[in-house]
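Down below is the structure, laid out as structure tokens.
The values are calculated or read from the model by the stated rules, or taken from the named source; none is laboratory data. This structure is a prediction, so every number in the text was calculated from the model and none was measured. Don't worry about glycine lacking a Cβ; one is built from the backbone with ideal geometry, like all the others, and counts go over all protein chains shown. Areas reflect the complete protein model, heavy atoms only, side chains present, ligands, DNA and RNA absent. Shrake-Rupley method; radii C 1.70, N 1.55, O 1.52, S 1.80 Å.
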Amino acid sequence: LKSKDVTSAHAEGDSVVAGAGYTDRWGASHHRRVELGSNQLTCMDRIDGFAAQATLRWRLMPGDWQMDGNTLSWRGYALKVHATDGVKLRFALTSGEESLYYLRKTSLPVWEITLDQPCTVTTEVSF
């Protein structure tokens with residue numbers, strides 16, 4: 001994969017903004033724009049060109065995360081997700097693994113957001 005539409009990190013008002021995207025050999029594309037403020041991260045993912053469905057995954061720090069519709073929260077952190085164009089999203093809080101060291105895996109919560117139509121998915125992370 002080659003990056004395209006790369007926007008280097010730069011200041012916009014009180015935030016820092018950056019972005020990049022790619023298109024795979026089957027025509028599926030993903031472009032992400034992130035904006036970091038003093039107490040919020042906004043992530044806009046434009047997802048397009050997939051065959052049946054696409055899944056956006058947020059790997060989370062271990063904890064007792066609680067899901068309420070399109071919002072996930074734990075200990076003062078909150079993630080809220082919505083889509084453009086009236087696209088309905090499906091949410092699931094699952095378990096995944098990470099490996100920070102060779103030969104060592106640890107379990108962690110994963111929030112999966114599945115869509116079946118091209119759209120922009122916006123995730124707002126408050127801290």
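Can you find even one residue in region 42-59 that is over 18 Å from V110 (Cβ atoms), aliphatic (A, V, I, L, M) and part of a strand (DSSP E or B)?
yes
Do you know which residues across region 1-18 are in contact (Cβ under 8 Å) with a residue 12 or more places away in the chain, within 10 Å of L36 (Cβ to Cβ) and of a type in the set (A, V, I, L, M)?
Of everything in region 1-18, those that are in contact (Cβ under 8 Å) with a residue 12 or more places away in the chain, within 10 Å of L36 (Cβ to Cβ) and of a type in the set (A, V, I, L, M) turn out to be V16, V17, A18.
Of the residues that sit in region 114-127 and are in contact with an Asp or Glu (Cβ under 9 Å, 6 or more places away or on another chain) and open to solvent by less than 40 Å² (accessible area, probe 1.4 Å), which one is farthest from H31 (Cα to Cα)? Walk me through it before giving the result.
Initially, region 114-127 is screened for residues in contact with an Asp or Glu (Cβ under 9 Å, 6 or more places away or on another chain), giving 117-123.
Right, trim to open to solvent by less than 40 Å² (accessible area, probe 1.4 Å) and you get 119-123.
Numbers: C119: 11, T120: 9, V121: 10, T122: 12, T123: 14 Å.
Restricting to residues being in contact with an Asp or Glu (Cβ under 9 Å, 6 or more places away or on another chain) and open to solvent by less than 40 Å² (accessible area, probe 1.4 Å), the top hit is T123.
Within region 84-113, track down each residue that is of a type in the set (A, V, I, L, M) and open to solvent by less than 80 Å² (accessible area, probe 1.4 Å).
The answer is V87, L89, A92, L93, L108, V110, I113.
Quick check on my filter: what residues within region 78-127 are more than 14 Å from the chain's Cα centre (by Cα) and aromatic (F, W, Y)?
Y101, Y102, F127
Do you know which of the residues in region 23-38 that are in contact with a strand residue (DSSP E or B) (Cβ under 6 Å, 6 or more places away or on another chain) and more than 16 Å from Q117 (Cα to Cα) is least open to solvent (accessible area, probe 1.4 Å)?
Residues of region 23-38 in contact with a strand residue (DSSP E or B) (Cβ under 6 Å, 6 or more places away or on another chain): 23, 29-37.
Restricting the remaining residues to those that are more than 16 Å from Q117 (Cα to Cα) gives 23, 32-37.
Details: T23: 55, R32: 75, R33: 76, V34: 46, E35: 63, L36: 85, G37: 21 Å².
For region 23-38, the residue satisfying everything is G37.
Of the residues in region 44-76, how many are exposed (fewer than 15 other Cβ atoms within 10 Å of the Cβ) and in contact with a Ser or Thr (Cβ under 7 Å, 6 or more places away or on another chain)?
Of the residues in region 44-76, 4 are exposed (fewer than 15 other Cβ atoms within 10 Å of the Cβ) and in contact with a Ser or Thr (Cβ under 7 Å, 6 or more places away or on another chain).
I need the full set of residues from region 1-22 which are closer than 16 Å to Q40 by Cα and exposed (fewer than 10 other Cβ atoms within 10 Å of the Cβ), in order please.
Result: A11, E12, G13, D14.
Being more than 15 Å from D45 (Cα to Cα) and among the aliphatic types (A, V, I, L, M) narrows it down to one of L79, L103, so name that one. Spell out how you get there, then give the answer.
Numbers: L79 fails: more than 15 Å from D45 (Cα to Cα).
Testing whether each residue is more than 15 Å from D45 (Cα to Cα) and among the aliphatic types (A, V, I, L, M) leaves just L103.
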